[in-house]
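The values are calculated or read from the model by the stated rules, or taken from the named source; none is laboratory data. Quick caveat: nothing in here was measured; it's all calculated off a predicted structure. Note that we place each Cβ from the backbone using ideal geometry, even for glycine, and neighbour counts take in every protein chain shown.
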Amino acid sequence: MATLVRSGFGLAIGGAALALVLAAGGVIYQAYEAGAPAGAVRTPKERTYSVEVGTLTAATITPVVTSYGRLVSGRTLELRSAVAGPLIELSGNFRDGGTVTKDEVLFRIDPTKLESALSFAKADVTEAEADLAEARASLELAKLEADAVQKQFDLRDQALTRQQDLRARGVTTEADVEAATLARAAAEQTLVNRRQVIAADEARIAQAEITVERRKTALADAQRAVADATVTAPFAGVVSAPDAVAGRLVSANEILGTLIDPTAMEVSFRLTNSQFARLLDDAGQLRKSEVNVIVQSGKSSSEIKATLDRAGAEVGDGQVGRLVYARLTDPNAKLVRPGDFVTVRIPENPMADVAQIPASAVSADERILLIGEGNRLEEIKVTPVRNQGDTLIVKDVPFGREYVLARALQLGPGIQVDPIAIAVSETGTDQETAPAAQPVPAEPEAIALDDARRAAIIAFINASENMKPEMREKFLEELSRPEVPLATVEKFEQKMAEAQ
């Protein structure tokens, strides 16, 4: 029995050994058939990555400053009623958006009472002029009487002198001399009275002249009041916010509407201090350069030319940067209206010996990857000079070298890659064909908003019923910053434009 057990155990060991020999032979045979030693199968190959590359090309590039603003009218007039009374006439164009021509009658106040006051003023002037004429005639008569009294006084004076001579020669008596003296004194008193009358008449004439001037001034006021009852357009324009209806009783100086000149449109927008400094000339004055104003109308947009005009006189409370105004060159009254939100793009001075590359090619510490010898990556530091949306303008780069268009976590110095050449336009966007693609609009990452624009976006967010509370809090927090992310502003202003 023990012999059988030992025989079975030996057969099992022999079978296992035969199986191992056969397996080893199979491995050797497969290696032999592949024509390579078995050790080569376990040797790993270096991994390479396919990357899109472009060429650093020296160019002269004109950076573009992008901002957002609001259209305003440089010529706006409040239409007020200069006099009180009922409206008896109203122009058919005196309504919101109505277009009026120069000197067109806009509205008329009932002039009945004003015309009556004008008639009284004319009568008062006539009366004052009559009083003046009477005073002047009285003065002439007083002067004639004074001349007659003066002659009498001269005769009395001569008679007194003669009596005094006769008395000296003893011919006349003292009584005659005394009578001549009394007669001369009486004539002198009469002359003084006549002169007092002349002075009184002259003062009366002066007062009458003053009265005439006052009455004429009142007459001019009455005539002006009658003229003010009819209000005409001082220039051609568009009526805004009318508040008038025929038959309504209006008070003096009440605002009945606003007249806007659509040919004197300008755009106000805010720039950071650094952006504003780049738009100054050598004398420190704002350059009168042309700018492009993009007006969004639903899903379509239009471009209007404008010229930088001036900067705001002061910085408002809670504001940053500078408020700048640009005057529209040839505005289309049917396309633009005061209050429209627009995009403003201002070209800076050209920059030479720079390159424009995608922002994705630059790391956070301002480094890019170059294609080196043997297609191994090299890393260098660059100097960004302008941020143009999703592209950067850089200098201090090795022109002519190839660089990686988009960095990835697995890429780094010394890594071997498989370069794929991609044509890159001056704006840093990929192109598959030779013709140049449309440039990507240059936009900053964050912009400063004025109070009105910020309040409009906040009101739109608060009025949204479908927005999640956490998203609403996120966007409101962004809008509370001095400079708001550009993506947030564009997103909501686009929705606001579509909702109009």
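Some observations on this one:
- Summed over the stretch 284-308, the residues that are under 16 Å from the mean Cα position of the chain (by Cα), surrounded by fewer than 16 Cβ atoms within 10 Å (Cβ to Cβ) and in a strand (DSSP E or B) give a count of 4.
- Matching residues in the stretch 310-333 - criterion: being surrounded by 15 or more Cβ atoms within 10 Å (Cβ to Cβ) and either under 17 Å from the mean Cα position of the chain (by Cα) or not in a loop (DSSP other than H, G, I, E, B) (or both): 311, 319, 321, 322, 323, 324, 325, 326, 327, 328, 331
- Positions within the stretch 88-119 being closer than 23 Å to residue 210 by Cβ and surrounded by fewer than 13 Cβ atoms within 10 Å (Cβ to Cβ), in sequence order: 119
- Of residues in the stretch 351-404 being within 33 Å of the chain's Cα centre (by Cα) and among the charged types (D, E, K, R), the one nearest to residue 51 (Cα to Cα): 390
- Qualifying residue in the stretch 94-107 (condition: of a type in the set (Asp, Glu), farther than 30 Å from residue 263 by Cα and either touching a Leu at 6+ places or on another chain (Cβ under 9 Å) or not assigned by TED's automatic domain parsing to the domain that holds residue 357 (or both)): no
- Of the residues in the stretch 266-283, at least one is surrounded by fewer than 19 Cβ atoms within 10 Å (Cβ to Cβ), farther than 25 Å from residue 102 by Cα and of a type in the set (Lys, Arg).
- Odd one out for residue 266 among (1) of a type in the set (D, E, K, R); (2) at pLDDT 85 or above; (3) farther than 30 Å from residue 233 by Cα: (3)
- Residues located in the stretch 334-366, provided they are of a type in the set (A, V, I, L, M) and surrounded by 15 or more Cβ atoms within 10 Å (Cβ to Cβ): 336, 342, 344, 346, 351, 354, 355, 357, 359, 361, 362
- Scope the stretch 238-267; condition assigned to a strand (DSSP E or B) and on the phi > 0 side of the Ramachandran plot; matching residues: 257
- Residue list for the stretch 60-81, filter: among the β-branched types (Val, Ile, Thr) and farther than 30 Å from residue 244 by Cβ: 60, 61, 62, 64, 65, 66
- Among the numbered conditions (1) assigned to a strand (DSSP E or B); (2) modelled with pLDDT under 85, the only one that residue 354 does not meet is (2).
Yes/no matrix, rows are residues, columns are (1) of a type outside the set (Lys, Arg); (2) without any contact (Cβ under 8 Å) to a residue 12 or more places away in the chain; (3) not in a loop (DSSP other than H, G, I, E, B):
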residue: 154; (1), (2), (3): yes, yes, yes
residue: 158; (1), (2), (3): yes, yes, yes
residue: 189; (1), (2), (3): yes, yes, yes
residue: 195; (1), (2), (3): no, no, yes
residue: 202; (1), (2), (3): yes, no, yes
residue: 210; (1), (2), (3): yes, yes, yes
residue: 217; (1), (2), (3): yes, yes, yes
residue: 223; (1), (2), (3): yes, no, yes
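- For the stretch 400-426, a residue qualifies if it is in a loop (DSSP other than H, G, I, E, B) and surrounded by fewer than 13 Cβ atoms within 10 Å (Cβ to Cβ), and the qualifying residues are 400, 408, 409, 410, 412, 414.
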